[in-house]
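Input: a single structure, listed below in structure tokens.
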Amino acid sequence: MSCSGGQFVVDDLADTPDTIEASWEFPSFIMRYSYRGFNSFRTVQNRPYNHGICFHGSRATMVLDRSGYEIWDEHDPAKSVEREDNPRHWGDGKPGNEVDGPWQRLFLDCLKAGKRPPVDLEQSHKATVCCHLANIAYRTGRKLRWDGARELIIGDEPSAQLLKRGRRKGYELPAG
């Protein structure tokens, strides 16, 4: 896993990059993430936001943003084959009139009924590992090797130390 980028557009005191390229190598595929912020170029003209995430596959491309998602056929890029809008962002636009989407309602209903939500904390943890590793690779400027079974960065102790942080008294995590 590797990640590079920097601040090339916004000159401020923040340490967050406005441009980033990340790449994860899996046994049967490579996953890439590109981010270029703070410019006025809109990749997908009919989406209401000038940001989002594009997933490029062999049969289709999906754009996911705060307004929902849309999928385009890879062989006919002008053809939208599926779309779901997030009702929080397609209402009357007045603050306080946002409505919960079906996924928030499902999560709350599961909690009230004592049922397991469709995505639990363990799955959420696994889904964020790639993001955390990209952040560590960006901050250290090094390529990382990850052992997913043991959840360890291999052969790079300074980078491995960034997987954890000290806790304030009273907020310590149990050992082990």
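Read the figures in this text as sums done on the coordinates, not as results from a lab. None of these values were measured; they are calculated from a predicted model. All Cβ positions, glycine included, derive from the backbone under ideal geometry; neighbour counts span all protein chains shown.
Under a straight-distance cross-link criterion of Cα-Cα below 26 Å, which lysines are reachable from Lys126, leaving out those fewer than 8 residues away in the same chain?
Partners within reach: Lys112, Lys115, Lys143, Lys164.
Want the number for Leu173 to Leu111: 0.36 nm per residue separation, take away the alpha-carbon distance, what's left? Can you show the working numbers first?
Numbers: separation 62, 0.36 × 62 = 22.32 nm, distance 2.43 nm.
Here the answer is 19.9 nm.
Grab the Cα-Cα distance for Ser4 and Lys143, subtract it from 0.36 nm times how many residues apart they are, and report the gain in nm with one decimal.
Details: separation 139, 0.36 × 139 = 50.04 nm, distance 0.97 nm.
Value of the extension gain: 49.1 nm.
Quickly rank 165-172, 12-19 as a protection proxy: mean count of other C-beta atoms within 10 Å, highest first. Walk me through the numbers on the way to the answer.
Details: 165-172: 6.6, 12-19: 12.1.
Going from most to least packed, we get 12-19, 165-172.
If R0 is 30 Å, what FRET efficiency do you get for Leu163 and Phe55 from their C-beta distance, rounded to 0.05? Don't skip to the answer; put the middle values down first.
Values: r = 27 Å, r/R0 = 0.89.
For Leu163 and Phe55, the calculated efficiency is 0.70.
Which order do the peptides 117-126, 61-70 take when ranked by the mean count of other beta-carbon atoms within 10 Å per residue, highest first?
Details: 117-126: 10.6, 61-70: 17.3.
Descending mean neighbour count gives 61-70, 117-126.
Given points 7 Å out from each Cα along the Cα-Cβ axis, report the Leu13 to Asn135 separation in nanometres with one decimal.
2.1 nm
Taking the Cβ-Cβ separation of Phe29 and Arg66 as r and a Förster radius of 25 Å, what is the calculated FRET efficiency to the nearest 0.05? Provide the component values of the computation, followed by the final result.
Numbers: r = 27 Å, r/R0 = 1.09.
Step by step, r from the Cβ atoms, then E = 0.35.
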